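Notes follow once the structure below has been shown.
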Protein chains: 2
Amino acid sequence: MSDLLERLRGRGWRMTSQRRVVAEVLDGEHVHLTADEVHARAARRLPEISRATVYNTLGELVSLGEVLEVATDGRAKRYDPNAHHPHHHLVCSGCGTIRDVHPTNDPLADLPVEERFGFTVSEAEVTYRGLCPDCA
Amino acid sequence: MSDLLERLRGRGWRMTSQRRVVAEVLDGEHVHLTADEVHARAARRLPEISRATVYNTLGELVSLGEVLEVATDGRAKRYDPNAHHPHHHLVCSGCGTIRDVHPTNDPLADLPVEERFGFTVSEAEVTYRGLCPDCA
DNA sequence: TCCTACGATCGACTGAGTCCAAGTCAAGAA
DNA sequence: TTCTTGACTTGGACTCAGTCGATCGTAGGA
């Protein structure tokens, strides 16, 4: 993740302790935290960090393409730092746990022209649902 | 949609004017209204209908399997009456318009066992994103 | 027609996220 | 090193979607 900090600095991002902490919290595989969870973890290291800053920083990371926003249901969005390795999500209908998964086929190829209604289709996102071992 | 009303009555649903109006609003192809839009349209015919009733009725229709809940982004959920014909969604990143689409392949088959992490996977939902002709 | 359990209503409440005015500070300039 | 400045952060008020619960109303069976 330190290369994330490097990339951000290279893009002219002003490096502040708040931004550094948020970026560090979003480190690892299969990390899918809500904004509130990010805030809670960031606050363990930097107690005075505000919710607004966490939202701002997450929003910037998303628009820079460094983090993905995942809206699995009507509940809080989750943030996925694994943005540079295309993948989809497997969500547990019981507890909401998310795993990154890699299907063998690209669903974009499966949408015939006559089903595109003149849209310029750029992306296909698959959400698999089911029960995790604990909830089954 | 009148067969929907029949089906509901057959299931012992108590028929009230509010429920009838909500069911009638959710009629047609490519209908993807938010709860607030459903409430607004229902209120044109039945001005005193309350938001809570619309939420209750939508929730019941969803749990009866007559209507699908679609959470395309972090915004309000949308309700899709086309629940008896399996399909996926194409969403305009500009204006949020939704179309029902039918890919040629079932993505469930594309998730190998070693990518299921012990989950019992029951459903795969594809969201295609792009720009509609108006927004392009 | 009457009765009553189920459904509708209203308003207060919650949770997620946004906005804004004022204060702070990172980093380039001197 | 110190100064300067505009970008960043803060806290709190606000919005929007949705839920809850007490109370009222009525569909439909007797």
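DSSP finds beta bridges in the range A:88-130, and of those with both partners inside it, around 50 percent are antiparallel. Can you tell me the FRET efficiency between B:Arg41 and A:Asp3 if r is taken as the Cβ-Cβ distance and R0 is 51 Å, rounded to the nearest 0.05? E between B:Arg41 and A:Asp3, to the nearest 0.05, is 0.50.
Starting from the label point of B:Ala76 at 7 Å along Cα→Cβ, the same points in the other copies fall at 2.4 nm, in ascending order. Restricting attention to chain B, close to 70% of DSSP beta bridges with both partner residues there are antiparallel. Between the Cα long axis of helix B:35-45 and the first principal axis of chain B there is an angle of about 30°, rounded to the nearest 10. With label points defined 7 Å past Cα in the direction of Cβ, position B:Glu6 shows copy-to-copy spacings of 6.8 nm, given to one decimal and shortest first. Using the Cβ-Cβ distance between B:Asp27 and B:Glu48 with R0 set to 30 Å, the FRET efficiency from 1/(1 + (r/R0)^6) comes to roughly 0.90. In chain A, the longest principal axis of the Cα atoms and the axis of helix A:51-63 are about 50 degrees apart. Using alpha-carbon positions, what is the distance between the centroids of the range A:81-136 and the range A:3-20, in Å? So the two Cα centres are separated by 30 Å.
Values quoted throughout were computed directly from the atomic coordinates according to the rules given, and no laboratory measurement underlies them. Since the model is a prediction, treat every value here as computed from it, not as a measurement. Every residue, glycine as well, gets a Cβ built from its backbone with ideal geometry; the counts of neighbours run over all protein chains shown.
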